Amino acid sequence: MTLAIDLSLATLHHLAILTVFGTLLAEFALLRLRPSAAWVELIARVDLVYGLAAGVALAAGAARVAWGARGADFYLGNPVFWLKIALFVTIGLVSLAPTLTYLRWRRASRADARLPDASALAGVRTWIHLQLGLFAGLPVLAAMLARGVGY
């Protein structure tokens with residue numbers, strides 16, 4: 001594996017993770033605004049970018065394991081790596097509740113101009129707060145992994 005490929009995969013992985021975090025923060029901010037039909041469309045699009053970026057992060061991470069400079073053995077035998085994967089999957093599972101809610105809101109908005117009420121917004125904010133809290137563990141685990149902890 002060449003250094004250029006390893007560097008490219010690492011860069012793609014990090015940019016995708018930053019995009020996931022940025023879109024999560026965007027959802028957090030949008031949930032503080034007054035809903036409108038345009039708002040419902042926007043938050044659903046932001047969430048789509050969140051999901052796509054998460055998929056890219058996962059694919060780039062898998063490529064780093066398979067073809068990165070450290071080799072698969074470094075990752076696959078490391079419990080910190082598996083903890084990081086478990087945390088990422090947990091965040092993804094938690095993100096399903098807001099995603100499904102945004103899709104319901106969009107259908108309702110398009111069908112008869114219904115918008116979410118304050119309690120619906122508060123419920124989704126709880127899921128976003130949980131994701132943000134869990135997300136804070138990813139850089140800690142990444143730093144541990146980069147320093148060979150658990151290997």
Pairs returned, first residue in segment 116-139 that is surrounded by 16 or more Cβ atoms within 10 Å (Cβ to Cβ), second residue that is at pLDDT below 95, beta-carbon separation under 7 angstrom, 6 or more apart or interchain, are none
Evaluate the following for Arg64: is it of a type in the set (D, E, K, R) and out of contact with any helix residue (DSSP H, G or I) (no Cβ under 9 Å at 6 or more places or on another chain)?
-> no
Taking segment 26-56 and keeping residues surrounded by 17 or more Cβ atoms within 10 Å (Cβ to Cβ) and either of a type in the set (Asp, Glu) or modelled with pLDDT under 95 (or both) leaves Glu27, Asp47
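The values are calculated or read from the model by the stated rules, or taken from the named source; none is laboratory data. As the structure is a computational prediction, the values presented were derived from the model and not from experiment. Glycine also receives a Cβ, built like all others from the backbone with ideal geometry; neighbour counts cover every protein chain displayed.
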